[in-house]
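I have placed the structure first, in the form of structure tokens, so that the comments after it can refer back to it.
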Amino acid sequence: MKKFLITFFGAVMCMSANAAVITSDFTELTTTGQTYSETVSLNDTYSSVYVDLIIKGDFDNVNVEWFRLFADGNLLAEWNTSTAGLTVVTNSATRDYTLSGTFAIAQSLWDSIAADGLLDVSWAIGPFSDPTPTQFGSDFVDYSFNATPSFVQVGAPASLLLIACALFGITSLRRRFK
Ligand SMILES: [Ca+2]
Ligand SMILES: [Ca+2]
């Protein structure tokens, strides 16, 4: 029984090393000024929520070529090629870029968004963000809202947990075949 309990809790801990995906979407850009929205039911409480975002398209003119992401109408990110902290790849100067990055949502903001059990995600691109799929490949917006399980220690790298899980697995197997 004791051995079973150790195995059970070890397995639960290893499963929780993976962050939970709250919602994700991939949408191709086909027109200037394109918009998108979805409403997600939140079936769980989340903490340490963060967004992974990749966008590809015409985002180099700050005034008219941009990308904006909202949650419940709150502006989470406004990106163009001048935004600090992003990885920017130039596919074709002045026309086509791939921008990617990750950012956190403050817990207080998340709590206010999640209070009604619904997450409204929306985005928009600028009026002159021209999709140019035939010249430089399809343009798109690809996002995911993720959360770290609340009982994983803050600052503990996921890799350490994975190593612990691997050691746990090896130990369990050795015990089994002794
Ligand atoms: Ca441009
Ligand atoms: Ca809400």
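At full extension, Ser112 and Asn91 could sit 3.7 nm farther apart than now, given 0.36 nm per residue minus the alpha carbon distance. Between Val64 and Asp44, the FRET efficiency from the beta-carbon distance, with R0 = 41 Å, is close to 0.55.
Placing pseudo-labels 7 Å out from each Cα toward the beta carbon at Val21 and Glu78 gives an inter-label distance of 3.0 nm.
Every read-out reported here was derived from the displayed coordinates using simple, explicitly stated rules and does not represent laboratory data. No experiment lies behind these values; they were computed from the predicted model shown. Cβ: placed from backbone, ideal geometry, glycine included. Neighbour counts: every protein chain shown.
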